[in-house]
1. Of all residues in segment 43-65, which are free of Cβ contacts under 8 Å to residues at least 60 places away in the same chain and either more than 16 Å from the ligand (Cβ to nearest atom) or touching a Gly at 6+ places or on another chain (Cβ under 7 Å) (or both)?
2. Pairs, please: C-beta under 6 Å, at least 6 apart or cross-chain, first residue free of Cβ contacts under 8 Å to residues at least 60 places away in the same chain and in segment 91-102, second of a type in the set (Asp, Glu) and assigned to a helix (DSSP H, G or I)?
3. Suppose the filter is over 21 Å from the mean Cα position of the chain (by Cα) and either at pLDDT 95 or above or away from the ligand (no atom under 16 Å from the Cβ) (or both); does ILE143 pass it?
4. Taking segment 404-421 as the search range and keeping residues that are out of contact with any Phe, Trp or Tyr (no Cβ under 7 Å at 6 or more places or on another chain) and buried (at least 24 other Cβ atoms within 10 Å of the Cβ), which one is nearest to ARG283 (Cα to Cα)?
5. What is the one condition in (1) assigned to a helix (DSSP H, G or I); (2) surrounded by fewer than 22 Cβ atoms within 10 Å (Cβ to Cβ); (3) within 14 Å of the ligand (Cβ to nearest atom) that ALA114 does not satisfy?
6. Quick check on my filter: what residues within segment 223-269 are part of a loop (DSSP other than H, G, I, E, B) and touching a residue at least 40 places away in the same chain (Cβ under 8 Å)?
7. Collect the residues in segment 222-248 that are out of contact with any Asp or Glu (no Cβ under 9 Å at 6 or more places or on another chain), within 16 Å of THR184 (Cα to Cα) and polar (S, T, N, Q), keeping them in residue-number order.
8. Can you tell which of MET68, MET26, MET35 is surrounded by fewer than 20 Cβ atoms within 10 Å (Cβ to Cβ) and within 16 Å of the ligand (Cβ to nearest atom)?
Amino acid sequence: QRLVGRELSEYRLIVVSNRQPYAFRMENGNLVGEMPPGGLTAAIDPLMRACGGTWIAQSNGDSDHLAMDADGRIAVPLDSPAYRLRLMDLTEAENDGYYYGFSNQGLWPLCHVAYTEPIFDTQDYEAYKSVNRKFANLVVDEIGDGPAIVLIQDYHLALLPRYIRQVCEDVIIGQFWHIPWPNTDILRICPWQEEILDGMLGHDLLGFHLSSDCDKFLDAVARNLNAQVDSQFGLVDYQDEMTLVRPFPISIDFDSLDAEARTAEVESEMARLSQEFGLDTGRILGLGIDRQDYTKGIPHRLRAVERFLEKWPEYQGKLVFLQAGATSRTNINSYMQLTIDIESIVNRINERFGDGDWQPIAYWPTSFPSATFSALRRLASFCAESSLHDGMNLVAKEYVASRVDEDGVLILSAFAGAAQELSSSIIINPYASEQFADAIHQALTMSDDERRLRMRHMRSIVQQNNIYNWAGRIMMNLMQASTPDHARLPA
Ligand code: G6P
């Protein structure tokens with residue numbers, strides 16, 4: 001009932017996430033803000049640019065040289081300020097327990113079926129709780145006495161809604177969970193599952209990518225808490241509070257990626273890269289872009305390229321597969337091991353097939369300016385996204401948005417949320433190397449007409465369900481969730 005008698009525009013918008021949307025650094029004496037890898041910031045930044053408000057996040061420790069207001073808010077983006085960023089410092093011990101520990105060695109592997117065992121350590125969980133409380137204090141301070149809408153992002157902050165709700169009545173709270181939700185039998189591995197569920201029911205609205213994630217969440221609530229669950233409406237009645245649970249498949253800013261792909265800067269990057277990969281002399285580029293994470297199926301993808309070269313030797317000397325994207329969470333053993341594994345597979349394939357100036361695999365484990373990624377997407381005959389499990393996979397949507405020529409083939413894992421919308425890609429099982437290798441062959445031998453038809457279809461889907469459409473639907477549902485009749489309104 002929090003919206004009754006008020007207009008949406010009277011509410012202050014506060015977004016909270018662990019990761020800050022820009023990493024700041026000095027370049028030729030100037031401060032620049034660069035977006036970190038990962039889908040969350042890429043998706044939420046355009047929304048904040050359009051709506052304004054405050055984004056609260058953990059500090060990278062790189063904001064010392066930035067101009068701030070009295071409460072430490074920074075106007076961003078630096079070159080055309082549209083919203084404010086409020087950063088929170090964590091101690092190393094807090095970050096180790098909350099971010100590297102419970103969030104990324106506990107919840108992350110718990111929520112993804114990638115066969116990495118979750119680690120649940122009591123001290124990590126204590127740090128997780130205390131950091132969520134710390135975020136709550138800052139959010140409450142930011143709310144002040146005005147009515148506010150708080151949009152929490154992701155699994156780092158599952159307890160935050162409950163902590164805010166304990167202090168503030170006049171606030172509408174929603175969360176978007178950017179990763180999959182586990183089935184109820186797997187959730188049981190987490191010793192604090194009930195507390196996590198209780199925390200998340202501090203929300204008016206809870207969003208997941210897929211309706212299957214919503215169903216699994218509702219099942220967990222029904223089995224673990226004393227709550228009334230209406231699975232048909234996606235509604236939970238718990239301790240006299242209602243939470244709406246709805247799917248919102250996240251997306252990208254299609255128009256801006258489409259426009260970027262047409263710029264002179266991207267054209268000139270294309271000319272440079274084309275020469276670098278020998279595309280001007282008839283070579284073909286295949287592409288994989290990922291934040292380096294064991295859920296992305298990078299070794300599986302490289303093995304499929306290897307099998308492809310073995311099966312169709314006429315592509316030896318011709319196909320270059322580029323695996324690009326920054327390393328991630330490098331303090332965690334499973335991530336260090338992944339880097340070692342990828343390097344050894346790349347070396348093996350290059351030693352096995354490489355000849356003269358041709359190496360089949362190019363490996364660029366760093367980040368690049370967005371114009372470079374855009375040029376690579378435009379040049380690649382196919383893009384392979386082979387997640388073992390993924391909430392959405394925005395790289396797949398970015399590839400489609402950059403293909404202004406309506407060419408190129410997307411090979412996409414059936415286990416990425418994006419596969420539900422992008423059914424005109426070639427859908428693969430990343431564990432099945434033979435099928436994956438065949439998919440590469442199918443991509444490279446597909447007729448011009450079929451390529452165009454598939455790409456046109458995917459582009460129209462992403463253009464329609466873009467990030468603004470996603471945000472609009474979340475806002476509409478938040479309004480429904482905070483009015484008395486919300487259960488009767490359609491999703
Ligand atoms: C995924 C998560 C985000 C996270 C991003 C990058 O997309 O859902 O919450 O920000 O990965 O990971 P990092 O740990 O570097 O923030």
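The values are calculated or read from the model by the stated rules, or taken from the named source; none is laboratory data. What you see is a predicted model, and the numbers here were worked out from it, not measured in a lab. Ideal geometry is used to build each Cβ from the backbone, glycine not excepted, and the neighbour counts take in all protein chains shown.
1. Within segment 43-65, ARG49, GLY52, GLY53, SER63, ASP64, HIS65 qualify.
2. Taking only residues 6 or more apart or on different chains, the pairs are GLY97/ASP124; GLY101/ASP124; PHE102/ASP124.
3. In short, yes.
4. Taking segment 404-421 as the starting set, the residues that turn out to be out of contact with any Phe, Trp or Tyr (no Cβ under 7 Å at 6 or more places or on another chain) are 404-407, 412-421.
Next, from what is left, pick out any that are buried (at least 24 other Cβ atoms within 10 Å of the Cβ): 412-413, 416-418.
Values: LEU412: 23, SER413: 25, ALA416: 29, GLY417: 32, ALA418: 29 Å.
This residue is LEU412.
5. (1)
6. Initially, segment 223-269 is screened for residues part of a loop (DSSP other than H, G, I, E, B), giving 225-227, 231-234, 239-240, 248-253, 262-263.
PHE233, GLY234, PHE248, PRO249, ILE250, SER251, ILE252, ASP253, ARG262, THR263, listed by residue number.
7. ASN226
8. Working: MET68 fails: within 16 Å of the ligand (Cβ to nearest atom); MET26 fails: within 16 Å of the ligand (Cβ to nearest atom).
Criteria check complete, one pass: MET35.
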